[in-house]
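Have a look at the structure below before the remarks.
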Amino acid sequence: MKPQQKLMALAAAAVAVSSLMGFPQSKQIIAPPGTRVAGIPFSPGVRASDLLHVAGLMGTDANGAVVSGGIEAQTKKALENVGAVLKAAGMDYKDVVSVNVYLADARDFDAMNKVYREVFATNPPVRATTQADLMLRDGLVEISAIAARPDLPRRYIQPQGWSPNPLPYSKAIVVGDYIFVAGLVSQNPQTGAPVGGDPKAQTKQILDNAKTLVETAGFKMPDVVWSRVWLSDPRDFQAMNDVYRTYFSEVPPTRATTRAGLTSTAYKVEIMLWGMKGEKQRLGNAPGATPLSQAIKAGSYVFVSGSTGAGAQVRGDIKGQAGAILTTIQNLLKAGGADFPNVVEAQVWITDSRNFAAMNEAYTAVMNGDLPARVTVGTQLMAPDNLIEIAMIAVK
């Protein structure tokens, strides 16, 4: 081998090793054949830092058409599509730490689980499963995921005295300096039985359980940087907030709160969390204004809460609201030293699936180049004039 070739080989090896060991690396798009859907602006997977973000993928074939065969066939195909992204990134299902499942009909929960547990038979990722409007006609299920570097140590958290979970997901997973907590509902942790009550009582039960999981794992509630809250009835928003705000410090996590059908009518609230060790910097809104931070800078990450567009000038205007939201998000990203090219994951909620094409038009006017992984579902938002809500995660 010539000296120049040796240098090139050594350089390539150094890049491979640095990537494996989680040294700073640029955002990498993962898009194996058959995982894109024509006309929808997203990347199937984005890898940056320690994590791979997998977009919301449905049971679509190589041509982007939804497969036939009902919920079981679509769940199988959606998981195969997730697996294709993982494989292209040098990972496997065992590396997945967090999953969101969106069902068009919550009555498909058991049938979805039948297929899902075949893929995640042991040490499954944390998970939240909610009902939402899906954007592809005839689509029954959409699945997004986060996977962590295979070499990172991980622990599956089971507090002493808690009953085993009969469903195929873990309640909390620690991987490296991250903790992922499943979508929790109001349950007695010793028995797994539902704990009823009003939204305040259920929120308290959920966050007491979350606190136990977080502290058992060696973290603290101020380490939480990201949360998702689902309410079966938006009228419970303020009651949930009254309790939620008491569990977090002056740097509460970023958050998005939307309406969703939950997997049992016994539950009014579901909450999912993600935490990181290390210093946090609150960006945007002042402490005490609301029980969430507009954005948080933590390590190489910038987390941005679900943002909405308001004001008479954009009332009823999906494109106007999307443009206003993206301007707000860009300003928050810049405050954390990042910008749209650094975004690895986006979540979009719209109140009317008929606005999907118009939203995408506004989105692509701003977001171009290497697009983030993205989930877009339909749901009711917390304010009646809001047509769209967008949250983002960037890695710089």
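The values are calculated or read from the model by the stated rules, or taken from the named source; none is laboratory data. What you are looking at is a predicted structure, and each value in this text was computed from that prediction instead of being measured. Please note: Cβ atoms are built from the backbone with ideal geometry, for glycine as well, and neighbour counts cover all protein chains shown. Protein only, heavy atoms only, side chains kept; ligands, DNA and RNA dropped before computing areas. Shrake-Rupley method; radii C 1.70, N 1.55, O 1.52, S 1.80 Å.
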Shape verdict for the chain, please, from the Cα gyration tensor: rounded (a/c under 1.5), prolate (a/b greater than b/c) or oblate.
rounded
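Residues with beta-carbon under 12 Å from that of TRP226, excluding TRP226: net charge, scoring Lys, Arg +1 and Asp, Glu -1?
Combined, the nearby Lys, Arg, Asp and Glu give +1.
Suppose accessible area is computed on protein heavy atoms with a 1.4 Å probe; arrange LEU207, LEU292 from highest to lowest.
My answer, sorted largest first, is LEU292, LEU207.
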Summing -39500 (n - 2.57) over every DSSP H run of at least 4 in the chain, dividing by its residue total and rounding to the nearest 500, the 222 nm mean residue ellipticity is -8500 deg cm²/dmol
Most fluctuating residue of PRO124, PRO252, PRO222 in a GNM of the chain with Cα springs under 10 Å: which is it?
PRO222
Would you check the accessible area of LYS280, probe 1.4 Å, heavy atoms only, in square angstrom rounded to 10?
50
Students sometimes get this wrong: rank ARG259, ARG282, ARG107 by accessible area, probe 1.4 Å, all chains present, largest first.
ARG107, ARG259, ARG282
One finds the C-alpha centres of the stretch 117-169 and the stretch 227-286 to be spaced, in Å, by 19
Scan of the chain for GluC sites (Glu not before Pro) in DSSP loops with at most 12 other beta-carbon atoms within 10 Å gives a longest site-free stretch of 1-249
Magnitude of the Cβ-charge dipole (Lys and Arg +1, Asp and Glu -1) of the chain about the Cα centre, nearest 20 debye, reported as 800
Report, to the nearest whole %, how much of the accessible area of the stretch 27-116 belongs to carbon and sulfur atoms, 1.4 Å probe, protein only.
50
Computed lengthening from ARG354 to ARG245, 0.36 nm per intervening residue step minus Cα-Cα distance:
35.8 nm
Rounded to the nearest whole Å², what accessible area per residue is found for the chain with the 1.4 Å probe?
42
Return the carbon/sulfur percentage of the accessible area of the stretch 297-391, one whole number, probe 1.4 Å, all protein chains in place.
48
Taking only protein heavy atoms and a 1.4 Å probe, the highest-to-lowest accessible-area order of MET135, MET367 is MET135, MET367
